[in-house]
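Taking it in order: structure first as structure tokens, then the write-up.
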Amino acid sequence: MKYLEHRRHTERTRPLDHINQNGIDLAKKVAPVVRTPSFTLTSSVPRAVETALVLGHEVNRMDDLLFHYKPEVMGEIGDPSFKAIADAIKTGKYTASYSEDQLSLFREALDEVKEGQTVLVVSHGIMVEIGLVAMFPEMNPSEWGKPFTYLEGYRVSYENGEFKAPEILRT
């Protein structure tokens, strides 16, 4: 069995792309509960890379898929709730395609680690939620609560090509 932990980046001061001191402090507080990764995947946006580094992990790969998507995806989602995302994946062509691309990226990253090891993914709001909903389309997404905020996300196991046992990670 392998593991994937996907978290939203830590706090920043808009419109800056870099994390702020509150974000650094939050990342240091959360770092002890993050599974030690053997491979770290982030978007190329500085706040995602910086979050991984402050958590204490080198970045092995950056991929723009974790930040950039067609504007039509947000048009299909509208409200950033888990239910709206689930509906958009089921009925929207752009969101469905994007979610499949994201799962393919996660599987590629999981191919980089051995049994028992973890992939850490650091990305952005909506991206984290899309990944979780795409992995578990049969689950009731309303049970997961509100959308993720800074450094929140989920952890799953991965075995025989399937994602299993989602654990919601709140700060």
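The values are calculated or read from the model by the stated rules, or taken from the named source; none is laboratory data. Just so it is clear, the model here is predicted, and its values are computed rather than measured. All Cβ positions, glycine included, derive from the backbone under ideal geometry; neighbour counts span all protein chains shown. The protein model used for the area step is the full one, side chains on, heavy atoms only, and it has no ligands, DNA or RNA in it. Shrake-Rupley method; radii C 1.70, N 1.55, O 1.52, S 1.80 Å.
Below is a table of values for the structure above.
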item	result
Where a residue in the range 11-32 is more than 13 Å from residue 149 (Cβ to Cβ) and its partner, wherever it lies, is among the acidic types (Asp, Glu) and in a loop (DSSP other than H, G, I, E, B), with Cβ under 6 Å and at least six apart	20/11
Residue match in the range 148-167 (condition: in contact with a Phe, Trp or Tyr (Cβ under 7 Å, 6 or more places away or on another chain), acidic (Asp, Glu), farther than 23 Å from residue 73 by Cβ and free of Cβ contacts under 8 Å to residues at least 60 places away in the same chain)	yes
Of all residues in the range 102-114 being among the acidic types (Asp, Glu) and assigned to a loop (DSSP other than H, G, I, E, B), the one that is surrounded by the fewest Cβ atoms within 10 Å (Cβ to Cβ)	111
Count of the range 5-34 residues which are surrounded by 14 or more Cβ atoms within 10 Å (Cβ to Cβ), among the basic types (Lys, Arg) and assigned to a loop (DSSP other than H, G, I, E, B)	0
Residue check for residue 94: in contact (Cβ under 8 Å) with a residue 24 or more places away in the chain, under 24 Å from residue 134 (Cβ atoms), within 17 Å of the chain's Cα centre (by Cα) and open to solvent by 30 Å² or more (accessible area, probe 1.4 Å)	no
Answer from 51, 40 - the residue that is in contact with a helix residue (DSSP H, G or I) (Cβ under 9 Å, 6 or more places away or on another chain), polar (S, T, N, Q), part of a helix (DSSP H, G or I) and over 26 Å from residue 140 (Cα atoms)	51
Residues satisfying the stated conditions in the range 60-83, i.e. open to solvent by 20 Å² or more (accessible area, probe 1.4 Å) and assigned to a helix (DSSP H, G or I)	64, 65, 71, 72, 74, 75, 76, 83
Yes/no for residue 99 being under 22 Å from residue 40 (Cβ atoms), open to solvent by less than 60 Å² (accessible area, probe 1.4 Å) and not in a strand (DSSP E or B)	yes
Of residues in the range 143-166 being hydroxyl-bearing (Ser, Thr, Tyr) and under 29 Å from residue 22 (Cα atoms), the one surrounded by the fewest Cβ atoms within 10 Å (Cβ to Cβ)	149
